[in-house]
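Novice: Got a structure for you, written out below as structure tokens; questions coming shortly.
None of the figures in this text is laboratory data; all of them are computed from the coordinates on show. Owing to the predicted nature of the structure, the values given are computational and were not obtained by experimental measurement. Here the Cβ is made from the backbone with ideal geometry for all residues, glycine too, and neighbour counts use every protein chain on show.
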Amino acid sequence: MKFALAFVSALIVISQTSALVLSRDNTTTNAEDEASAVAAACSDPRSTLPLWRAWRGASTDHFYTLNADEMQNAVTRFGYQGQGITGYLFTVSQTGNVPLYRLYHPGMQDHFYTTSAPERDNAIRFSGYTYEGIAGFCYPDASCGGRPLYRSWNPSASDHFYTMSEAEKNNAQAGGWSYEGVACYVYPY
């Protein structure tokens, strides 16, 4: 009888231990599944291109493009000064990203970029901007590892300014630009 009781007790302990191990395995599997789901919802950052930035003081305009030839043309023919790479965008729509629309106001000589189709349409309809197409594709939030692309506006200079640098954003505020929020999320590399 003692042997049967000991045997039953041992079976109970083994079944409880097995349930605990299975529970731990399922937790690990669930975490791995969640990580895989996030990775599947994000695009490969190796397929991005640099977003080039230039400045033209004569018209107080910041200009951004993925096209290196277009950037070179702006520098050599239109008097812009290249300022390097602002971040990295996708050239085509991929899982989880959104278009960054590019607009231009010829009277103010201002380039404007937004991920919002209603804001784009409003700028065209009521503010005199011309739609120039999609500058690239970025993320609407930081879930895929992108960093904020800050947007600022200087009403006296009629200029939109975009940067990933918080220090640059703060310096722009000190120089007359009003911070308008995060335009989207881009890769810094």
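Novice: All other residues with a Cβ under 13 Å from the Cβ of MET108 taken together, and with Lys, Arg as +1 and Asp, Glu as -1, what is their net charge? Mind dumping the intermediate values first?
Specialist: On the way: positive: ARG56; negative: ASP61, ASP110, ASP159.
Taking every Cβ under 13 Å from that of MET108, the sum is -2.
Novice: Can you give me the relative contact order of segment 130-169 as a percent, contacts being Cα pairs under 8 Å and 6 or more apart? Please list the in-between numbers first.
Specialist: Details: 27 pairs, mean separation 11.2, N = 40.
Across segment 130-169, relative contact order equals 28 percent.
Novice: In a shell of Cβ-Cβ distance under 11 Å around SER59, excluding SER59 itself, what net charge do Lys and Arg (+1) and Asp and Glu (-1) give?
Specialist: Net charge in that neighbourhood comes out at -2.
Novice: With label points built 7 Å along Cα→Cβ from the Cα atoms of ASN170 and GLU70, find their separation and express it in nm.
Specialist: The two pseudo-label positions are separated by 3.3 nm.
Novice: To continue, here is another question. Compute the relative contact order of segment 75-189 as a whole-number percentage, counting only Cα pairs closer than 8 Å that sit 6 or more residues apart in sequence.
Specialist: Normalised by residue count, the contact order of segment 75-189 is 29 percent.
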